[in-house]
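Peer 1: Handing you this structure, nothing more for now.
The numbers here are math on the coordinates, done by the rules we state, and not lab data. On a predicted model such as this, the values are computed, not experimentally measured, just so you know. Here the Cβ positions follow ideal geometry from the backbone for every residue, glycine too, while neighbour counts run over all protein chains shown.
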Amino acid sequence: MTFGEGAAGSILPQRVQTQLKRIATILTALLVAVFVTVPVYIMIAIALQSPTAVFRGGNVDLLLDSVTLRNFRVLFEQTNTVQYFTNSLIVTASSTLMSTALAVAAGYGLTRFEFKGKTLAARAVLFAYMFSPIVLAIPLYVIFYTLGLLNSYFALTMALTAISAPFTIWLMWQYFQTVPIALEESAWVRGASRTRTLVDVVLPVAQPGYISAAIFSFAVAWNDFTMARVVMSSDEMYTITVGASLFLDRVSIGWGETMAVSLLICIPPFLIAIFLQNYLLQGFNVGGLE
């Protein structure tokens, strides 16, 4: 028996298979959307309502019938949220800048310069990314303690850079391989130095790559908890992730304030995803990581 529209050895016609795949894709997308959207909605609903409105009658009311900024006022007036947020911005910006600059320099060097063991070195860099941050936390703590750098922005910035740099270096190594060497040779013929060529020719072409590396570095630094908890020892130096975890131990801070600080933590990554998602997709796809 044969089927005119089906592939060889297939029971169902090709058109039916295509429809089933489309339905399966839609159902999977809806399932993922539910798992992602529901927790976010619960967080927003609790953050934007007063505790009496959410927990009235002994039940949890998640309908947004009234909106208030009371929880945010409590955070700003009775906690160190502003300081925590500032610490996170400083450390994240520093780590993102360092990791991206290191990735561009190392990725370009691995692509354009020949030396013995180059491929092995590139693979070793990626292998270093396989280690969990908790594995690196204790050795880095010992190093920073010996150098007297604990409880400082510099120490945490270096620790976070050490976590994100292996992957960003690998990403830029892959991406620079897609940039034609002919572009640089054309600039060299016109008298441009290698540095000038890198800045004026290579980096504009590689923009999606290093923006993707910066986004990844930002995500690692902003969401970090382990390194901040290990390196920082005083309350005024904690990042927003560590500071938010301490709210659960305070009697004066309830679920409303906890969800409010969680919403604040989500805002920067959300803005990054909204405005730079195209660069992220281009960087990963052209870099050979699709």
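Peer 1: In debye to the nearest 20, how big a dipole does the range 33-125 give about its Cα centre with +1 on each Lys and Arg Cβ and -1 on each Asp and Glu Cβ?
Peer 2: Dipole magnitude for the range 33-125 comes out near 480 debye.
Peer 1: Let me ask something additional. Could you give me the radius of gyration and the Dmax of the range 1-68, taking only the C-alpha atoms into account and expressing both in angstrom?
Peer 2: 23.0, 69
Peer 1: In which sequence would Tyr175, Tyr141 go, from the one with the fewest C-beta neighbours within 10 Å to the one with the most?
Peer 2: Listing Tyr175, Tyr141 from fewest to most nearby Cβ atoms yields Tyr141, Tyr175.
Peer 1: Could you give the distance between the Cα centres of the range 106-168 and the range 175-224, to the whole Å?
Peer 2: 21
Peer 1: For the chain, with only Lys/Arg (+1) and Asp/Glu (-1) charged at the beta-carbon, what is the dipole magnitude about the Cα centre, in debye rounded to 20? Don't skip to the end; give the middle numbers.
Peer 2: Details: 15 positive and 14 negative charges, 116 e Å.
Roughly 560 debye for the chain.
Peer 1: Divide by every residue of the chain the summed helix terms, -39500 (n - 2.57) for each DSSP H run of at least 4, and state the resulting mean residue ellipticity at 222 nm, rounded to the nearest 500 deg cm²/dmol.
Peer 2: Mean residue ellipticity, 222 nm, calculated: -23000 deg cm²/dmol.
Peer 1: Of Ile211, Ala273, Asn151, which is farthest on the positive side of the dipole of the chain, counting Cα position, with +1 on Lys and Arg Cβ, -1 on Asp and Glu Cβ, and the Cα centre as origin?
Peer 2: Ile211
Peer 1: Only one of the listed values, (1) 44; (2) 63; (3) 47, was derived from the coordinates as percent of Cα pairs over 25 Å apart; which label is it?
Peer 2: Computed from these coordinates, percent of Cα pairs over 25 Å apart corresponds to label (2).
Peer 1: Would you work out which of Ala187, Val91, Val142 lies farthest towards the positive end of the dipole of the chain? Charges go on Cβ: Lys and Arg +1, Asp and Glu -1.
Peer 2: Final value for the positive-end residue is Ala187.
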